[in-house]
Each structure stands twice: as structure tokens, then as C-alpha cells.
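These notes concern the structure reproduced below.
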Amino acid sequence: MGEIRFDGKVAIVTGAGRGIGRLYALELARRGAAVVVNDLGGSRDGSGRDTAPAQSVVDEIRSFGGKATASFESVATLEGGESIVKTALESFGTVDIVINNAGILADRTILKMSEKDWDIVQDVNLKGSFSVTRAAFPILREKKFGRIVLTSSGSGLYGNFGQTNYAAAKMGLVGFMNALKHEGAKYNITCNTIAPLAGSRLTEDVLPPDLYKKLRAEAIVPLVLYLSSEECKDSGMIFNCAAGWFSRTAMVCAPGVKIGEGMRDISPEEVRDSWSKITSLENAEVLGSLVESFKFIG
Ligand code: NAD
């Protein structure tokens, strides 16, 4: 097996001005991709704008002879998504890879969470992935090739205190992927989701200092590059990734229990009496679609 290369491929990386996204952009460019380095240059909570982060990554890529162009648009609107894709088309003529990485935090416990805290986190983390993917999809479909990566979080997959907004947005991406994998399948468009853990400005005061140091952001790059490559045909999967740990994680469905034949009334007491079977994950499996779950209903 040879080196994974991206010659002739055009990649959009959102939120690529800093943190993990910057490293994706650099490595994709080193391996031959032309990269749209998108970043609005905001602060951790999404406020403010600055062209410097995206521009400096573009300069860095060009300094080693790589191909890159900057986009300073926000992913948070459909207009922004269209503009980011337009930049790819105008600069490099096409799009092959979309790495939806832009993300922000506005952590509050639920009683302190304002509508603004809720909305901005959905707009960037969840709608942002829709808006860029939506704009790129017709091109990917037309060329019958596409690699889409979404950035979720263990906060959404498993839960974390004080992040109802962020956790909901990040888990929303799993639903987005579960539907999109079906829409992309016949066009060779894959969509996978990662849940990274890495030292960055998002985590510097969230993670214990010892762990923060161990969690090099570089460790996330190889997974995302493989998922973005032509070689990787898998779609609809979720991966944990941190400090050299790579693991698939999934939503599973257990066989549970069938009470009655579906034709008679069932009492809450029968549910109570079957509770250990209902809550058991024994023989749970990953389902490929909603339709697959119908087999349990009979
Ligand atoms: P980071 O803050 O270093 O980088 C995120 C970048 O996204 C920033 O440069 C920011 O300017 C940009 N951005 C924010 N809003 C944007 C918008 N509307 N449009 C375009 N760009 C925008 O954070 P990071 O740790 O590198 O995070 C990257 C992704 O990984 C995020 O989606 C984050 O939620 C996710 N994530 C990170 C961790 C971690 O441990 N670092 C854990 C779970 C998930």
C-alpha cells in the first residue's frame, strides 16, 4: 500500500485557521491537495472576526509550495456555505473533500443558558456543517466522488456537564450523517464523524493540565486524512480519536423484549416487570438504517 496522496483533489477545511483544522489543512496540502482554508477568526465563543488566522495558514502552505486559498466567511449561514464553496470553485475549479471542523463553545448550565447561547452554538456546530455540505453536494454528486467529515464530540455522544447546547449540536451531526450517508451512497460520497479530544483553546481550561499536554492535536490528523482519502470507502461511522487512541463508537439497538403481539393493550406494570430486558444491551447491534429496525417489530 502506497502513501495516501491528495494530488488533484480540492479540500475545504472549515475552522482551519487554528487548532486541529489548521493541522488538517497543512497535511492535506503537504500531500498534494489544494485547500480552502476557511476561518472567520472569531473568539472561542464565536464573537469577533479576524482574517489573520486563515491567512497565516494559507501563507504557511504556500511557503512550502502547497496550494491554498483563504475564506473568511462564517459557516453559520447558507450564504456563508455557498461563498466558501464558491471560493473553492473560483480558485481550484471543484471540490472533493469537505472537512466540517469549525466549532465554538458557549458553556452554561441549563438555567443560565440564554437563547443566544443556544442558537449560536447550533448555528456554527450543526447548521454550519449543513450549509457547507449543502453547497458542495451538487458538485460531489455530479463528479460521483466526495468525502465529508463531520466533527462531533464526546460531549454529545456520552454527555458532559454544562454543555446542553454544544452536546445537542454535536449529537445532531450524528443524525445528519445517518441521513446523508444514504443520500451519498450511490454517488460514492461518504460521510463520517469524528469525536476528537485534543489540546486547543477550546479545551485548555476544560481538561486536566496533565491530560491537556498529552492530547496533541496532531494525533487527530491521520484519522481525518484517511477518512478524506479515496481509499476509505466506509461511510456512516463515528470514531473516537485522542492521543493515538482510535476507536469506532456507535449507536446500537438491542433486541429487547416483545410484549404481547402488538394487538393488545400493554400495561405500565408489564413494562416495569420487563425492565431488565428492556434496558439490557445484550446482543445489541449497529443498524444501518431506520428500516433495519423494523425487523424487531415483526
Ligand atoms: P479551535 O477553537 O482551536 O478552532 C476552531 C476554529 O473554528 C477557530 O479558528 C475558529 O475561528 C473557527 N470558527 C469558529 N466559528 C466559525 C465560523 N462560524 N465559521 C468559520 N470558522 C469558525 O478549536 P479546536 O479544538 O481545533 O476544535 C475543532 C473542532 O473540534 C470543533 O468543531 C470542536 O467543537 C471539535 N472538538 C474539539 C475537541 C478538542 O478536544 N479540542 C473535542 C471535541 C470536539
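The values are calculated or read from the model by the stated rules, or taken from the named source; none is laboratory data. This structure is a prediction, so every number in the text was calculated from the model and none was measured. All Cβ positions, glycine included, derive from the backbone under ideal geometry; neighbour counts span all protein chains shown. Surface areas here come from the heavy atoms of the whole protein model, side chains and all, with no ligands, DNA or RNA. Shrake-Rupley method; radii C 1.70, N 1.55, O 1.52, S 1.80 Å.
Taking a Cβ cut-off of under 15 Å around Leu290, the surrounding Lys, Arg, Asp and Glu residues balance to a net charge of -1, with basic ones at +1 and acidic ones at -1. Per residue, the convex hull around the alpha carbon atoms of region 161-298 comes to 174 Å³. For region 252-297, the pair-distance distribution built from all alpha carbon pairs, in bins 10 Å wide starting at 0, is 25, 47, 27, 1 percent. By a 1.4 Å probe calculation restricted to protein chains, Phe296 has an accessible surface near 60 Å², given to the nearest 10.
Put simply, the amide H of Val98, placed in the peptide plane, has neighbours under 5 Å in Ile12, Arg147, Ile148, Val149, leaving out anything fewer than 5 places away on its chain. Here the simple spin-label model places points 7 Å from the Cα toward Cβ, and for Glu82 and Asp205 these points are separated by 3.9 nm. Across region 166-176, coupling constants 3J(HN,Hα) worked out from phi with the 6.51/-1.76/1.60 Karplus curve, θ = phi - 60°, read 5, 4, 5, 5, 5, 6, x, 5, 5, x, 4 Hz, and Gly and Pro carry x.
Accessible surface comparison of Lys213, Lys127, probe 1.4 Å, protein chains only, largest first: the order is Lys213, Lys127.
Taking the inverse of the mean reciprocal distance over all distinct Cα pairs, the Kirkwood hydrodynamic radius of region 1-113 comes to 14.3 Å.
Helix 78-92 and the longest principal axis of the C-alpha atoms of the chain enclose an angle of approximately 50°.
Surface composition of region 60-154: carbon plus sulfur atoms contribute 52% of the solvent-accessible area (1.4 Å probe, protein chains only, all chains present). Once C-alpha pairs closer than 8 Å and six or more residues apart are averaged by separation and normalised to the residue number of the chain, the relative contact order reads 14 percent.
Relative to the longest principal axis of the chain, what angle (0 to 90°, nearest 10) does the C-alpha long axis of helix 19-30 take? Here the helix axis deviates by roughly 60 degrees. The lysine pair count for region 96-177, using Cα distances under 22 Å and pairs eight or more places apart or on different chains, is 4. From its DSSP helices (H runs of at least four residues, each -39,500 (n - 2.57)), the chain gives a residue-normalised ellipticity at 222 nm of -11500 deg cm²/dmol.
Of all DSSP-defined beta bridges confined to region 10-249, some 15% are antiparallel rather than parallel. Farthest toward the positive end of the dipole of the chain, out of Ala34, Phe72, Tyr166, is the Cα of Ala34, where the dipole comes from beta carbon charges about the Cα centre. Per residue, how much accessible area does the chain have with a 1.4 Å probe, in Å²? Result: 50 Å² per residue. If you wrap region 82-171 in the convex hull of its Cα atoms and look at it from every side, the mean projected area works out to 6.1 nm². Each Lys and Arg contributes +1 and each Asp and Glu -1, all at the Cβ; summed about the Cα centre of region 10-249, the dipole is approximately 480 debye. Using the alpha-carbon atoms, what tilt in degrees (0 to 90, nearest 10) does helix 128-143 show relative to the longest principal axis of the chain? Once rounded, one gets 80 degrees.
Its convex hull of Cα atoms gives the chain a direction-averaged projected area, equal to a quarter of the hull surface, of 18.6 nm².
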